[in-house]
Amino acid sequence: MTAIDAPAYPERWEWDVVLRDGGTVHVRPIRPTDGPAIEALHGRLSAETIYFRFFSPVTTLSPQMLERFVNVDYVDRLALVALLGDDIIAVGRYEHLPSRAGEGGEAEVAFLVDDAHQGRGLGTVLLEHLVTFARAAGISRFVADTLPGNSRMLRVFHKAGFDDERTFADGVIRVAFPIVATEASLALAHDRERAATARSVRRLLAPRSVAVIGASRREGTLGHQLVRNLLSGGFDGPVYPVNPEAEHVCSVRAYRSVLDIPDTVELAVVAVRADAVPGVVEQCVRKHVGGLVVISSGFADRDDAGREAERRLVTEARRNGMRLVGPNCMGVLNTDPGVRLAATFAAMPPAGGIGFIAQSGALGVVLLDELNRRGLGVSTFVSTGNKADISGNDLLQYWDGDGRTTVVCMYIETFGNPRTFARIARRVARNKPVVAVKSGDPTPAPGDPTPATGPAGDDRAVAALFRQTGVIRTETLEELLDVAQVLASQPLPAGRRVAIIGSGGGPGALAAGAARAAGLEVVELSARTQQQLRSVLPDPSQVANPVDLPPDATPATLGRALAVALADDGVDAGIALYTSLLAAPIGDVAGAIATARQAAPAKPVVGSLLGRRGRLAGGVPSFAFPESAARALGRVTDYALWRRRPAGTLPDLTVDAAAAQAVVEAALASSARTWLDRPAVAAVAAAYGIGLLPSRRVTGADDAVGAAEALCYPVVALVDPGSALTKPDRQSIRLWLPEAQAVRLAWAELAPRGPVLIQASAPPGWDIAVGVAQDPELGPLVTLGACGRLGEPVRTRASRILPLTDIDAAELRSEVLGLHRPDGRPWSAGETTAVEGLLLRVGRLVEDRPEVTHLDLEPVVVGAGAAAVAGMRLCVQRPTPHPELAVRRLR
């Protein structure tokens, strides 16, 4: 094949990836014009590397070899190249081999990595990508021949997580392995992704040298404040001001450009005009700077031209090994004593356990100030600004393994990659709490009939995402800080039972109401506890819960009451309120609370003391008002219980995926998008074990009676709405037809409206609706709605993201249907199992078949220990293949 008749180059198959050491490269399919770059790569290789690749000392590539290397068909023959700048530094390729009878597709795979870049994980990255493309091409197995001394390549195959088999013949090792994704291969890929991403972020947060490009001698400018903060913050490394017109900044020698700095620069903080940024980045590329923090604004925050400039900025940085924070950001902070990085125009905060991300720079300054006022320490703080590169997902990967970070706080305006966020956040939240505010519309109230599309529906999807991943969602930034204040200082509660102890009846009543609204239980204290309280409290004190102290109660009285209440085995947490008319010193109150906690250190305590907000002596968080304390404790309790619940599993369902695939492919053979007809819907339902009630389309009264007898009385007669089946109204359906005469009458009434179906009857019960809604950010969501009786609209609807675990299905069912049926009796075990099983099968169907765009099961009748699907409609659309979405890559 020549370059002239080579297939069209797949432009969208290009992306940037992070390597094992945190650096970045650009990966794309090879092009016919890559010949010179391939020759240059070959010219840089050592004799050993050449011998390992070609099994002979190939000193130069012949024209025939070079033409075959750079011309591929992108299906049966594919080569991927990794570029650093303009240089190709690695190549991975596969070639489809002729299949033997009875065997699946097999391809030979090979890799070549520049000596200077071996050991960075390039072979593994290329293998991950080749596997994804090969699967899409129908290849199920890779083979590779390598020499016994090529230990690096042998490790690449083994560490990929596939079950490789090795044979030795004629001095060559043949490695063969199936490329079907397994739990082991996916887990190892995610581990590699996590480690690489964390190292790339560490380059930005823990550099050993910093250059400030745009440093200024003039006070009051960003360039001046950045240098001053780096110096005053105690950065453990050299700071290099860059200013072409100054000899020194803040008493530190300045340089005309980053290229003039004689030493290595690991981080460049850029604070110049937007139009000067490209030239600065080009210099940073030549200097081999490790990472960039771009403070400069005027990019996507300005207009479309700025958005294009930002895209070019990120492209230039990543393709030359650098990651980037910003632009239009306030910088980064790291309080680690071995780093002390204040690469921002905000002052260095106290060290602590909170890792914080905020997109807004101005908001970041305010948040840091408020954290300081509350006595909350920070491990790292990142203002992502326009979030052109580094995002919350990257920082979650870093904080997951950062021992100094115990609480993660996030202000999220937009998701980078929501599906990646869901996977990472679910893992991180199992080990440390993640608290987030997502800007946008508020969460719809329970029972809100708003569908799962549009602004409120989008927020419903976000709520489902946070609920499943264990992320603590707060409605406001103030509440986020309240929750962080509790998490940073208190143990997680064992349950929802709370004791409220305070002086003055009003605050206690407010706290009790807010606690109940937050899902806490204001339990009555045990008789023994009440007796002990009476013995230590003056009259008249209320001791049931809330414990109401006299208005003139002293701090010591509050402390004694709190200690007794916390000792109650029926109490999981305490809320201490102090509004005494005597206005005792805060220190005395804090000391009394701290002393009371010593007897029950595993139980969290929050307080509200005379309008004081912050951290009291002894670590107890205090809030200005009782409601804030109760709400924060409620959020923390929800998280604690989520963390203790089982993680959930993906059930091993018996399905016939091949049968469903055949139906879908047949439907899409002549149309890019179509609603399946009734036989096709029934076939897909049967393939996934979805219990669709049997039905027959009839052509006359006698035919209807015959169908009813075959299906067994009683039956249902309804007008067939065709492929787009919806829940029938009362005029188009006749229920519970017990005998032939009723069927004939129903036929006569319905036939004028259209074709008639006779369907088996579901047992008496209550209608629900199960479906799939497409969210533009999160993808398909499994939804469940409660309808009631025939013809009633959906009253309550909730959703979950995919993949759906058994725990997710159980919680979705419980959230919508509750513990009891509409008649007040509890749902039977058979009914709950049937509903949850149906949700899991719908989730599995949509995961297996990305062609499904709409799926509605309505009505589903739940009763008599089962869930019978009476109506189902299914729309499929030919998907645009995006194999790059399944591999490790930067957005």
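Would you please state which residues of region 737-762 a label at ASP677 would reach in this model, taking the label point 7 Å out along Cα→Cβ and a backbone N cut-off of under 18 Å? The answer is 754-758, whose backbone nitrogens lie closer than 18 Å to the label point. When only the Cβ of Lys, Arg, Asp and Glu is charged (+1, +1, -1, -1), the dipole of region 283-432 relative to its Cα centre reaches about 520 debye.
Residues in region 309-414 average 26 Å² of solvent-accessible surface per residue, probe 1.4 Å, ligands and nucleic acids excluded. In the chain, the calculated helix contribution to ellipticity at 222 nm averages -11000 deg cm²/dmol per residue, counting -39,500 (n - 2.57) for every DSSP H run with n ≥ 4.
Note on surface exposure: GLU108, GLU627, GLU48, GLU478 rank GLU48, GLU478, GLU108, GLU627 by accessible area, highest first, 1.4 Å probe.
When a/c reaches 1.5 or more, the comparison of a/b and b/c decides; with that in mind, is region 808-886 rounded, prolate or oblate per its Cα gyration tensor? Because a/c hits 1.5 or more and a/b exceeds b/c, region 808-886 counts as prolate.
Candidates LEU83, LEU41, GLY105 compared by Cα position along the dipole of region 21-117: farthest toward the positive end lies GLY105, with charges placed on Cβ. Scanning the chain for DSSP H helices at least 20 Å long along the axis (C-alpha atoms) with a Kyte-Doolittle mean no lower than 0.5 picks out 122-136. If the chain linking THR33 and THR60 were pulled fully straight, counting 0.36 nm for each residue of separation and taking away their Cα-Cα distance, it would gain 7.9 nm. Consider a paramagnetic label point 7 Å from the Cα of VAL252 along Cα→Cβ; state which residues of region 342-364 have an amide N under 12 Å from it. Counting backbone N atoms under 12 Å from the label point, the list is 342-344. Computing FRET efficiency as 1/(1 + (r/R0)^6) for ALA710 and ALA494, where r is the C-beta to C-beta distance and R0 is 51 Å, gives about 0.30. To the nearest 10, the accessible area of THR637 is 0 Å² with a 1.4 Å probe.
Placing a pseudo-label 7 Å from each Cα along the Cα-to-Cβ vector at ASP569 and ARG645 gives an inter-label distance of 2.7 nm. Cross-link partners of LYS387 among lysines, defined as those whose alpha carbon lies under 19 angstrom from its own and excluding same-chain residues fewer than eight positions apart: LYS438. Surface exposure of region 727-768, expressed per residue as accessible area with a 1.4 Å probe, stands at 49 Å². Could you list the residues of region 614-632 with an amide nitrogen less than 13 Å from a label point located 7 Å from the Cα of GLN598 in the Cα-to-C-beta direction? Answer for region 614-632: 618. Based on Cα contacts under 8 Å between residues 6+ apart, region 506-624 shows a relative contact order of 20 percent. Quick one: with all protein chains in place, what share of the accessible area of the chain is carbon or sulfur, to the nearest percent (1.4 Å probe)? So the carbon and sulfur contribution to the accessible surface is 53 percent. For the pair THR699 and SER439, a Förster radius of 45 Å applied to the C-beta separation gives a FRET efficiency near 0.20, rounded to the nearest 0.05.
By its C-alpha gyration tensor, with a ≥ b ≥ c as the square roots of the eigenvalues, how is region 291-368 shaped: rounded for a/c under 1.5, else prolate for a/b larger than b/c, else oblate? Taking the square roots of the gyration eigenvalues as a ≥ b ≥ c, region 291-368 is oblate. Its alpha carbons considered, region 583-623 gives a radius of gyration followed by a Dmax of 9.7, 30 Å. You can think of it this way: the chain between ALA748 and ARG528 has 71.8 nm of extra reach, that is 0.36 nm per residue less the Cα-Cα gap.
In this structure GLU128 has an accessible area near 30 Å², from a 1.4 Å probe over the protein heavy atoms. Here's the picture: charge each Lys and Arg Cβ at +1 and each Asp and Glu Cβ at -1 in the chain, and of HIS190, GLY92, ILE213 the one pushed furthest to the positive end of that dipole is ILE213. Normalised by the number of residues in the chain, the average gap of Cα pairs under 8 Å and 6 or more apart makes the relative contact order 8 percent.
Model label points for ALA864 and ARG891, set 7 angstrom from Cα along the Cα-to-Cβ axis, are 4.9 nm apart. Counted residue by residue at 0.36 nm each, then reduced by the alpha carbon distance between them, the extension gain from ALA116 to ALA181 reaches 20.3 nm. Answer with a single label: of (i) -0.38, -0.91; (ii) -0.30, -0.77; (iii) -0.35, -0.84, which was calculated as log10 I(q)/I(0) by the Debye sum over Cα atoms at q = 0.05, 0.08 Å⁻¹ from the structure in view? Among (i) -0.38, -0.91; (ii) -0.30, -0.77; (iii) -0.35, -0.84, the one calculated here is (i). Listed by chain and number, the lysines placed with their C-alpha closer than 19 angstrom to that of LYS603 are LYS432; residues fewer than eight positions away on the same chain are left out. For region 551-577 and region 655-677, what is the centre-to-centre distance using only Cα atoms, to the nearest Å? A separation of 65 Å, based on Cα centres. Taking a ≥ b ≥ c as the square roots of the eigenvalues of the Cα gyration tensor, region 1-86 is oblate, since a/c reaches 1.5 or more and a/b is not larger than b/c.
The distance between label points at ALA829 and VAL172 comes to 6.1 nm (points 7 Å beyond Cα on the Cα→Cβ vector). Dipole check for the chain: with +1 at the C-beta of Lys and Arg, -1 at the C-beta of Asp and Glu, and the Cα centre as origin, the magnitude is about 1540 Debye.
The values are calculated or read from the model by the stated rules, or taken from the named source; none is laboratory data. From a predicted model like this one, the values you see are computed outputs, not experimental measurements. Virtual Cβ from ideal backbone geometry, glycine too; neighbours counted across all protein chains shown. All accessible areas refer to the heavy atoms of the entire protein, side chains included, with ligands and DNA or RNA removed. Shrake-Rupley method; radii C 1.70, N 1.55, O 1.52, S 1.80 Å.
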